[in-house]
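First up is the structure itself, then whatever we jot down about it.
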Amino acid sequence: EKQLYNANIIIRAADQGAALSALSLVVSDMRLSITAVNGRIDKNRDAVLEASIRLTDVSEVDMLIKKLRADKRIYDVNRITTLS
């Protein structure tokens, strides 16, 4: 049985719909799963989405971030150590 990992990422986007849409599209495309998601609007009125993604390989997090960054609606994506 494969070892499963959880990677926590933070996404900044123009709006929450765009961030959620991009995240679910990429996660589905990569056959991963979202284990937690938390959204808010920051003081600059940007959407901030924190998500925990279940991976089977640690290298998948780099591919996930790369694919999310390729979406023009996404300003920034980073890995974080824990969800707030």
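Readers should treat all values here as calculations from the given coordinates under stated rules, not as data from a laboratory. Keep in mind it's a predicted model, so treat the numbers as computed, not measured. Methodologically, a virtual Cβ is constructed for each residue, glycine included, from the backbone with ideal geometry; neighbour enumeration extends over all protein chains shown.
For the reader, a short list of remarks on this structure follows.
- Enumeration of residues in the range 45-63 that are under 10 Å from residue 7 (Cβ atoms) and surrounded by 13 or more Cβ atoms within 10 Å (Cβ to Cβ): 51, 52, 53, 54, 55, 60, 61
- Filter result (β-branched (Val, Ile, Thr) and closer than 15 Å to residue 76 by Cβ) within the range 42-58: 48
Quick grid of which residues meet (1) surrounded by fewer than 16 Cβ atoms within 10 Å (Cβ to Cβ); (2) under 11 Å from the mean Cα position of the chain (by Cα):
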{"site": "15", "(1), (2)": "yes, no"}
{"site": "24", "(1), (2)": "yes, yes"}
{"site": "29", "(1), (2)": "yes, no"}
{"site": "33", "(1), (2)": "yes, yes"}
{"site": "38", "(1), (2)": "yes, yes"}
{"site": "41", "(1), (2)": "yes, no"}
{"site": "65", "(1), (2)": "no, yes"}
{"site": "68", "(1), (2)": "no, yes"}
